[in-house]
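Worksheet: one structure, shown below.
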Amino acid sequence: MNKTPALAVVFLAMMSASALAKSTLTLYTSQPNEDAQMTVNAFEQAHPDIEVKWIRDGTTKLVARLQAESAAGGASPDVLLIADSVTMESLKEKNLLAAYHSPQASRYDAQLYDKDGFYYGTKLITTGIAYHAKAPVKPESWQDLLKPELKNMTTLPSPLYSGAAQIHMATLMNNPQLGWQYYEKLKANGAMPQSGNGGVMNAITSGSKAYGVLVDYMAIREKAKGAPIEFVFPKEGVSIVTEPVAMMKAAKNVEGAKAFIDFVLSDAGQKLVLKQGYLPADPKLPVPQGFPARDSIRLMPFDAQKALADAEANKKRFADLFGSR
């Protein structure tokens, strides 16, 4: 008697059961598509029992989407991986996040995660000074952008459009040597805002502006491609965007969300951040090619809760000073 058909049926049944055993994790992320795919692939390889379905968009659009979904009682992502801690603080305040105390958190500086466990920074994207390779002055300090010989030569991203610029502005407010007086002096020296960091980079590489306030990886990547751009981490320090991860309160796959948070904070997850060309949040890992030694990068203190409370007033004051462009 031929038993092959019976064995085939058993094999197919086993395969079907295995497929059914996989759980689904829904991720909303603002990572660039290539980075998001790398992150998902690495997580699925580490957790073959979990399939990730992900949606990528800008942080503002993602937050608007999930708030609309929440209000309508519709579907919700299990986990968020978005640009900044101020947005996460806003979601925490709206009671949309779930606390999870990851065992990986002890490896990180307390400034990089929420003390109640609602979100965790996964990398350090700093804002410093970029300048054209042929610029007349090689800046070392934020104050250098105020020099009279740099009149009308500086550009900066607008906090009305850029989350990183909003965090940078809030960070500078905590420094008595900078603060609003610094922005007023930038304006007096002819500094002109762009809509976002991409506009700043294009202005510098094209030569239309010699200096700009810019996130680190944009300048460093473009320089590696041969663009005439340099980047400096000012001696007073830099502001940071931490690309935090969090579990939604309405998460259906709670265990999967916890596993994802643990993964991006793990050694493997942080080595992936390094491979993608960003500064890992894990202080024990090296820096990407083109970055200076980690201990030479000074991080300015930042209070996400205060930044959220001051956000609208800060943006209005910026618009009053520079205009709403």
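The values are calculated or read from the model by the stated rules, or taken from the named source; none is laboratory data. Computed from a prediction, not measured in an experiment: that's the story for all the values here. Because the Cβ atoms are built from the backbone with ideal geometry, glycine has one as well, and the counts that use them run over all protein chains shown.
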Which condition from (1) small (G, A, S); (2) surrounded by 19 or more Cβ atoms within 10 Å (Cβ to Cβ); (3) touching a Gly at 6+ places or on another chain (Cβ under 6 Å) is the one that S85 breaks?
(3)
Scan region 182-193 and give yes if some residue there is closer than 18 Å to P301 by Cα, of a type outside the set (A, V, I, L, M) and touching a residue at least 60 places away in the same chain (Cβ under 8 Å), otherwise no.
no
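Go through region 187-224 residue by residue and tally those that are hydrophobic (A, V, I, L, M, F, W, C) and either closer than 19 Å to T126 by Cβ or touching a Cys at 6+ places or on another chain (Cβ under 7 Å) (or both). Talk me through it step by step, then tell me what you get.
Quick first cut of region 187-224, residues hydrophobic (A, V, I, L, M, F, W, C) only: 188, 191-192, 200-201, 203-204, 210, 213-215, 218-220, 224.
From what's left, either closer than 19 Å to T126 by Cβ or touching a Cys at 6+ places or on another chain (Cβ under 7 Å) (or both): 200-201, 204, 213-215, 218-220, 224.
Residues meeting the conditions: 10.
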Taking the conditions exactly as written (part of a loop (DSSP other than H, G, I, E, B) and either assigned by TED's automatic domain parsing to the domain that holds V200 or among the basic types (K, R) (or both)), does G226 satisfy them or not?
yes
With respect to D282, determine if the residue is among the charged types (D, E, K, R), in contact with a helix residue (DSSP H, G or I) (Cβ under 6 Å, 6 or more places away or on another chain) and surrounded by 15 or more Cβ atoms within 10 Å (Cβ to Cβ).
yes
G73 vs (1) buried (at least 21 other Cβ atoms within 10 Å of the Cβ); (2) modelled with pLDDT under 90: all pass except (1)
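When residues of region 147-161 are filtered for being touching a Phe, Trp or Tyr at 6+ places or on another chain (Cβ under 8 Å) and either under 8 Å from N189 (Cα atoms) or assigned to a loop (DSSP other than H, G, I, E, B) (or both), how many remain? Before you say what the answer is, go through the steps one by one.
Kept after step one, since they are touching a Phe, Trp or Tyr at 6+ places or on another chain (Cβ under 8 Å), are these residues of region 147-161: 150, 153-155, 158-160.
Filter once more, so that each one left must be either under 8 Å from N189 (Cα atoms) or assigned to a loop (DSSP other than H, G, I, E, B) (or both): 150, 153, 158-160.
Here the count works out to 5.
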Identity of the residue in region 235-249, buried (at least 20 other Cβ atoms within 10 Å of the Cβ) and outside any strand (DSSP E or B), that ends up nearest to the chain's Cα centre (by Cα):
E243
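Can you tell me how many residues in region 158-192 are in contact with a strand residue (DSSP E or B) (Cβ under 6 Å, 6 or more places away or on another chain) and under 19 Å from D310 (Cβ atoms)?
First pass over region 158-192, keeping only residues in contact with a strand residue (DSSP E or B) (Cβ under 6 Å, 6 or more places away or on another chain): 158, 164-165, 167-168, 171, 191-192.
Now restrict to residues that are under 19 Å from D310 (Cβ atoms): 158, 164-165, 167-168, 171.
The qualifying residues number 6.
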Do we find a residue being touching a strand residue (DSSP E or B) at 6+ places or on another chain (Cβ under 6 Å), free of Cβ contacts under 8 Å to residues at least 60 places away in the same chain and either among the aliphatic types (A, V, I, L, M) or part of a strand (DSSP E or B) (or both) anywhere in region 195-203?
yes
Assess whether K252 counts as being part of a helix (DSSP H, G or I) and either β-branched (V, I, T) or surrounded by fewer than 21 Cβ atoms within 10 Å (Cβ to Cβ) (or both).
no
Anything in region 1-50 that is β-branched (V, I, T), out of contact with any Phe, Trp or Tyr (no Cβ under 8 Å at 6 or more places or on another chain) and modelled with pLDDT of 55 or more? List them, or say none.
T24, T39
Are any residues in region 130-171 under 26 Å from the mean Cα position of the chain (by Cα), surrounded by fewer than 24 Cβ atoms within 10 Å (Cβ to Cβ) and among the aliphatic types (A, V, I, L, M), and if so, which ones?
L145, L160, A164, A170
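Among A130, A105, which is the only one that is closer than 16 Å to A281 by Cβ and either of a type in the set (A, V, I, L, M, F, W, C) or in a helix (DSSP H, G or I) (or both)? Steps first, answer last, please.
On the way: A130 fails: closer than 16 Å to A281 by Cβ.
One residue alone meets the criteria, A105.
Could you please find all residues in region 133-146 being assigned to a loop (DSSP other than H, G, I, E, B) and touching a helix residue (DSSP H, G or I) at 6+ places or on another chain (Cβ under 8 Å)? Walk me through it before giving the result.
Step one: of region 133-146, the residues assigned to a loop (DSSP other than H, G, I, E, B) are 133-141.
The answer is P136, V137, P139.
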Do we find a residue being closer than 19 Å to P234 by Cα, without any contact (Cβ under 8 Å) to a residue 60 or more places away in the chain and either crowded, with 17+ Cβ neighbours inside 10 Å or aliphatic (A, V, I, L, M) (or both) anywhere in region 295-306?
no
